[in-house]
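Student: Before we start, here is the structure in question, set down as structure tokens.
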Amino acid sequence: MSKQKQKFYVVWNGAEDGVYTSWEACQQSVTGFSGAKYQAFKTEAEAEEAFEIGYEAYKKKEAEAQKAKEESLENKATSSLSPSVLPPPKPLPPAAINESIAVDAACSGNPGKMEYRGVYLRTSKEIFHYGPVWGTNNIGEFLAIVHGLALLKQKGLTTMPIYSDSVNAQLWVRKKKCKTTLERNEKTEGLYQLIERAETWLRNNTYANPIIKWPTDEWGEIPADFGRKK
């Protein structure tokens, strides 16, 4: 069994303010204290710095860091994509959440050559793309959601929503299992290994990002659509 990593706890407003090395000690200082302000940190240096600058200054710094992460997501999309890859952005429906990503998959035949991607809604820029590989559309939709979840968690965007137009893929993600009937053989072995990694990620990680059904009938095709429908 792996040893749990040491955490450090800052109490800015409690019975006794300071940096604590255990949750039990921190809890004693804040439990029952009206307006208690406290937070856990991974390292002692981070905790000491946060305590030193004070609660308000730390929260401001944290908000600025979150904004920088969101901007880096946009910058990555802009720098990694030539203008010809995606069609000109269409105005988003008024009810759509701009600060979100949309994912979709396309498949030439089913099974056939499959690919998927994610798009940052506010700029309509592609932020990730995988394929083509031999697979099915449902697998692509499932992998696209998991890819989006993993990317957002890596960047600290833990509340940014993900839009998907696939009810089936969303169900598979909730069940943490890709329920495909695609034959596993030499041609699909690489894809199956990717599926297994995605399932493992879902089992080993938690996430708070809402996964929202894109209402195609009401809003039109999802912005991550590959534009191949006739």
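Student: Would you please give the residues with an amide H less than 5 Å from that of I127, counting only those at least 5 places away or on a separate chain, with H modeled from the backbone geometry?
Tutor: For I127, whose amide H was placed from the backbone, the distant partners under 5 Å are G118, V119, Y120.
Student: Running Debye on region 91-190 with equal point scatterers at the Cα sites and no solvent, what base-10 log of I(q)/I(0) appears at q = 0.13, 0.22 Å⁻¹?
Tutor: Here the Debye-derived log intensity ratios amount to -0.47, -1.17.
Student: Pop the C-beta distance of K179 and T123 into the FRET formula with R0 = 35 Å and round what comes out to the nearest 0.05.
Tutor: Rounded to the nearest 0.05, the efficiency is 0.55.
Student: Can you tell me the Rg and the Dmax, both Å, for the Cα atoms in region 113-164?
Tutor: Values for region 113-164 (Cα only, Rg and Dmax): 11.3, 32 Å.
Student: Mind checking the per residue accessible area of the chain for me, 1.4 Å probe, whole number of Å²? Walk me through the intermediate numbers first.
Tutor: Values: 13500 Å² over 230 residues.
Counting only protein heavy atoms, the per-residue value for the chain is 59 Å².
Student: Set the bar at 21 Å for Cα to Cα. Now go through K125/K153; K5/K37; K125/K155; K5/K175; K37/K59 and name every pair that lies beyond it. Could the numbers behind the result be given before it?
Tutor: On the way: K125/K153 19 Å; K5/K37 23 Å; K125/K155 17 Å; K5/K175 29 Å; K37/K59 11 Å.
Beyond 21 Å between Cα atoms: K5/K37; K5/K175.
Student: OK, next. Kindly write out, for region 100-115 in residue order, the coupling ³J(HN,Hα) from the Karplus curve 6.51 cos²θ - 1.76 cosθ + 1.60 (θ = phi - 60°), rounded to whole Hz, with x marking Gly and Pro.
Tutor: Rounded to whole hertz, the list is 7, 10, 10, 10, 7, 10, 9, 9, 8, x, 8, x, x, 6, 10, 8.
Student: Okay, next question. Step through the residues of region 160-176 one at a time and calculate ³J(HN,Hα) from phi using the Karplus curve (6.51 cos²θ - 1.76 cosθ + 1.60, θ = phi - 60°), rounding each to whole Hz and writing x for Gly and Pro.
Tutor: Rounded to whole hertz, the list is 5, x, 10, 9, 9, 9, 10, 5, 4, 5, 5, 5, 4, 5, 4, 7, 6.
Student: Follow-up. Explain nothing, just the number: relative contact order of the chain, from Cα pairs under 8 Å at least 6 residues apart, as a whole percent. Walk me through the intermediate numbers first.
Tutor: Details: 362 pairs, mean separation 36.4, N = 230.
For the chain, the relative contact order is 16 percent.
Student: Bin by bin, in steps of 10 Å, what percent of the Cα pairs in region 1-70 do you find, going until the bin that has the longest distance?
Tutor: Spelled out per bin, shortest first, that is 21, 46, 27, 7.
Student: Taking 2.2 N^0.38 Å as the expected size of a compact globular protein, what ratio does the Cα radius of gyration of region 182-230 give against it, to two decimals?
Tutor: Values: Rg = 15.9 Å, N = 49, 2.2 N^0.38 = 9.7 Å.
Here the Cα radius of gyration is 1.65 times the empirical estimate.
Student: Please report, in Å, the Rg and the Dmax of the chain, where both are computed over Cα atoms only.
Tutor: Here Rg and the maximum Cα pair distance are 21.6, 67 Å.
Student: Starting from the 7 Å offset along Cα-to-Cβ, what nm value, one decimal, do you get for the label separation of E64 and Q28?
Tutor: In this crude label model, E64 to Q28 measures out at 3.6 nm.
The values are calculated or read from the model by the stated rules, or taken from the named source; none is laboratory data. The shown structure was predicted, so the numbers you read here are calculated from the model rather than taken from an experiment. Backbone-built Cβ (ideal geometry, glycine too); neighbour counts: all protein chains shown. The protein model used for the area step is the full one, side chains on, heavy atoms only, and it has no ligands, DNA or RNA in it. Shrake-Rupley method; radii C 1.70, N 1.55, O 1.52, S 1.80 Å.
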